[in-house]
1. Give the residue that is surrounded by the most Cβ atoms within 10 Å (Cβ to Cβ), with candidates limited to residues of region 3-22 that are over 49 Å from the mean Cα position of the chain (by Cα) and in a helix (DSSP H, G or I).
2. Report, by residue number, each residue of region 288-321 that is touching a strand residue (DSSP E or B) at 6+ places or on another chain (Cβ under 9 Å) and assigned to a loop (DSSP other than H, G, I, E, B).
3. Scan region 465-495 for residues that are touching a residue at least 40 places away in the same chain (Cβ under 8 Å), crowded, with 21+ Cβ neighbours inside 10 Å and not in a helix (DSSP H, G or I) and jot them down.
4. Quick one: how many residues across region 339-380 are open to solvent by 50 Å² or more (accessible area, probe 1.4 Å), within 22 Å of Gly297 (Cα to Cα) and in contact with a helix residue (DSSP H, G or I) (Cβ under 7 Å, 6 or more places away or on another chain)?
5. Name the one entry in Ser549, Ser542 that is modelled with pLDDT of 95 or more, among the small types (Gly, Ala, Ser) and under 20 Å from Leu437 (Cβ atoms).
6. Can you tell me how many residues within region 322-363 are hydrophobic (A, V, I, L, M, F, W, C), under 24 Å from Gly290 (Cα atoms), without any contact (Cβ under 8 Å) to a residue 60 or more places away in the chain and assigned to a loop (DSSP other than H, G, I, E, B)?
7. Suppose we filter region 253-271 for residues that are without any contact (Cβ under 8 Å) to a residue 60 or more places away in the chain and loosely packed, with under 13 Cβ neighbours inside 10 Å; how many remain?
8. Among the candidates Leu36, Leu42, Leu47, Leu55, which residue alone is surrounded by 16 or more Cβ atoms within 10 Å (Cβ to Cβ), closer than 20 Å to Ile90 by Cβ and in the same structural domain as Asn117 (by the TED database)?
Amino acid sequence: MQNGNGMCKVLIVENNPSIIKLLAHFFQAEGCDIRLAENGLLALTMLESFIPDILVTDIIMPKISGDVLCRVVRNTPKFKDVFVVIYSAIVYEDENHIFDLEADLYIAKGPKDTLKNHICRILEQFRSGKRREHVVHGTEGLHPRNVTIELLRSRRHYHAMMDNLADAVIEMNSAGQIIQANRAAQEILALDLTAILSSQLTEYLAGQDFNLVEQWIAQIPYEALPPFCSSYDKPMLVGKRQVILKLMRIADNEEFFIIAILQDITPHKVIEEKLIEKVQEFNAVMESIGYGVLFMGPDLRARLANRAFRDMWGITDDFFAGQPTFRDLINFNRYNGVYDILEEDFDKYIDEREAAVRSGGSVSEEINRKEGLVFQYQCVALPDGGRMLTYFDITKHKNTQTQLAKSLEEVKALANSDPLTGLYNLRMLQERFISTLAISKRKDWKAAIMFIDLDGFKEVNDIHGHLIGDMVLKMVAQRLLNIVRTADTVCRIGGDEFLVIQTEVYNDADAAHVANKIIQQLNDPFVLDGATITIGASIGISMYPAHGSNLQVLIKNADDAMYAAKAMGKQNYTFFRSELSEDLS
């Protein structure tokens, strides 16, 4: 690597003018061919055409820092023989971590009158062929500085947080060159840090707003523009990934730099496309099926009705375009001989029908029309507070219940919540758990999974009927929501079984406190329609991460614990223990 004259080639990376001047002087005095760079970004640019024998670099520098520069050099095959020297004021305080950089020589900055001796040591060790020495030289007379130690600790914490962010974060200089990129950015760009540094972010971007990004970066040196943010509807493209891009100008004394945040929305877009496809398929099915379907908003105004519904009730397109209310739709046929109801009883009939719809979901019932047609009618409460009404002509098709149930399930699958209680369903529970897991890992929290099974609920259905049972389940859901915090998750997984994910848990006592509140409040009587109903709850609890790290395992363990709680006499809770699984098996 030495030049034709046998001179040693040296690249000095240092942002202190007086130190870089002294280093240059002493290396030149030793007959070295030197190059100077005031930061890591400039050094990377020089390395494209100048491969030194010796690289001398500080650590704390603007643009690209010395530790990042070292990692780039060590991870680039053409620089494998470069003799790397760390010459920094922080090596003494950072001795436990500095050796991770795999430099060949570490020297602590001290009095300037020692600098010549350090130059001699560098050249002597380089020529001796000795590499990777895990010793810090030049510490004589130096003392660790607590302020520096704390700053280095904060710096390590900052880098750890950046590398564990879900969103990609990229730092650029005023010219738009990348000087830092976290792990998420490297994953989105599908490149390692070595390939990313000093490149332009625009090299990796495409999309409808690409020109706006280029214009923003071109104008930002001359005027303080507001942050740029691409929209969800028109995301930027990075390869096959779809991202929301946000650019911000950050002033730093007389200079400035640019922060880019890239949120990968590819999974959301894929789900959205599939949902749109499903909705289109659903609409096509809706128009082709033979039974009527009516969707209404929370105010019971019509939002959507298929052709079968309109034909069943003779509703014209013009009338429906006015978004009639449920009462308007019934009144439309008041005098058309459709309803076998006396005129003096008709207003009462409308009131009863409207009250039934407002009360929520109902079991199937039959509507007998005056001309002899029989419609099977059902109301389903939607997650947004609206209603879905289905009307099936069962006069000639008594065996179509299976098709109706299948169609209803398709509609429910489009929603994120349990149709009866409005709680999250299992699909949303999985998403909420992933979010809880990320927060718990980042903040070192625990989380509790509670499997709740209602005690005595079967008797409620047997004695009072399923309509009352459904009303009790809704009240149970509301009580659970009143107990937990907004950040926690309540889910109905079927029948009389519920799951609660409690976040920000510091110990088992936190989970036990919430479990006790649930048992106490569900043990309070439910009063409705003149009946007083008493049930209870048995709860099994599994703790993240002690009892599992994925939702399936934690639910199973909580389920095992719930059965153990029932075995202890019901209306109780217990935590999962490994022997429970053995007992149940």
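1. Checked region 3-22; the qualifying residue surrounded by the most Cβ atoms within 10 Å (Cβ to Cβ) is Leu22.
2. Passing the criteria: Gly290, Tyr291, Gly297, Pro298, Asp299, Leu300, Asn306, Ile315.
3. Residues satisfying the conditions are Thr489, Val490, Cys491, Arg492.
4. Going through region 339-380 one residue at a time, the tally reaches 1.
5. One residue alone meets the criteria, Ser542.
6. 2
7. Residues that pass the stated criteria total 5.
8. Result: Leu55 is the single residue among Leu36, Leu42, Leu47, Leu55 that is surrounded by 16 or more Cβ atoms within 10 Å (Cβ to Cβ), closer than 20 Å to Ile90 by Cβ and in the same structural domain as Asn117 (by the TED database).
The values are calculated or read from the model by the stated rules, or taken from the named source; none is laboratory data. Just so it is clear, the structure is predicted and the values come from calculations on it, not from any experiment. Cβ coordinates were reconstructed from backbone atoms using ideal geometry, including for glycine residues, and neighbour counts include every protein chain displayed. Ligands, DNA and RNA are stripped out before the accessible areas are found, and what is left, the full protein with its side chains, is counted by its heavy atoms. Shrake-Rupley method; radii C 1.70, N 1.55, O 1.52, S 1.80 Å.
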